[in-house]
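Working notes for the structure below.
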Amino acid sequence: MFFLQFFPIPLIVSFVVLILVIWRNRKQGWKTLFATLLFGLYVIAVIGVIYFPISIPLNWPNNLSWQETLHNLNRTNLSPLYFLSITHHPFSLRWLLIDFGLNAILTVPFGFGLGYFFRPKWLKLFFWALLTGLALEGTQLIVILAIGTFYHTVDVNDVILNALGVIIGFGVFCILNGLNQKLKKIRPHYLF
């Protein structure tokens, strides 16, 4: 088994893309550049946490077969609010709550960034939230099917919780932005 680590090549490519995005937005002002840098570092961290290391079998691509593909698809949980691990782990409720929390927290900064950079209407926000969860889990499924093995699982509950995290992050942005607008009336140039 060969492990593709996040460092050095994917990390370097991610930083090059981030530098190009910052360079493209260089005339936006230092606040936007700083926010872009933070958001880019967040995206890089999410990629590193969710997708790496990728375990590549030594016999890849010869390890790929219909049986392996069907096995990997059968491991995918497509039933919302169904938690198989609750029956297999003695501390399952605790781990379930931790998993819920971490999946939601993972995308809270993305929702905040959506509010800061794009300020979508609520309908578009729900679309972005669902798209975020589907993209994160869908990419994991593609990696599983392309490589034949992966240490992560694909779960529709993660899609739901990632979407919830985006909505929470956007809500936090709206609250802070509203407070900022009120504070600007009292004292200009406050938070954002």
Check: Which residue, Y42, Y51, Y82, has the most motion in a Gaussian network model of the chain that connects Cα atoms within less than 10 Å?
Finding: Y82
Notebook entry, point to check: Among the lysines, which fall within straight-line cross-link reach of K124, defined as a Cα-Cα distance under 16 Å, with same-chain neighbours fewer than 8 residues apart omitted?
Noted result: none
Next item on the list: Hey, for a label at V49 modelled as a point 7 Å past Cα toward Cβ, could you say which residues of the stretch 167-186 have their backbone N under 14 Å away?
Entry: 169
Next item on the list: Kindly state, to the nearest 0.05, the FRET efficiency for K27 paired with N177, given R0 = 25 Å and r defined as their beta-carbon distance.
Entry: 0.60
Checklist line | When the stretch 1-56 is reduced to its Cα atoms, the Kirkwood hydrodynamic radius in Å | finding: 12.2
Item checked: the chain: DSSP helices with Cα axial extent of at least 24 Å and average Kyte-Doolittle hydropathy no lower than 0.0 -> 30-51, 92-117, 122-147, 156-186
Next item on the list: Over all alpha-carbon pairs of the stretch 115-160, lay out the pair-distance distribution in 5 Å bins, whole %, shortest bin first.
Entry: 6, 21, 22, 17, 14, 10, 7, 4
Next item on the list: In Å³ and rounded to a whole number, note down the convex hull volume per residue for the Cα atoms of the chain.
Entry: 151
Notebook entry, point to check: How much net charge surrounds F170 when only other residues with a Cβ under 12 Å from its Cβ are counted (Lys, Arg +1; Asp, Glu -1)?
Noted result: +3
Next item on the list: Sum -39500 (n - 2.57) across every DSSP H segment of at least 4 residues in the chain, then divide by the residue count to get the 222 nm mean residue ellipticity, nearest 500.
Entry: -23500 deg cm²/dmol
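Bear in mind that the values in this text are calculations on the coordinates, not laboratory data. Because the structure is a prediction, the values reported are computed rather than measured. Reconstructed Cβ throughout: ideal geometry from the backbone, glycine too, with neighbour counts over all protein chains shown.
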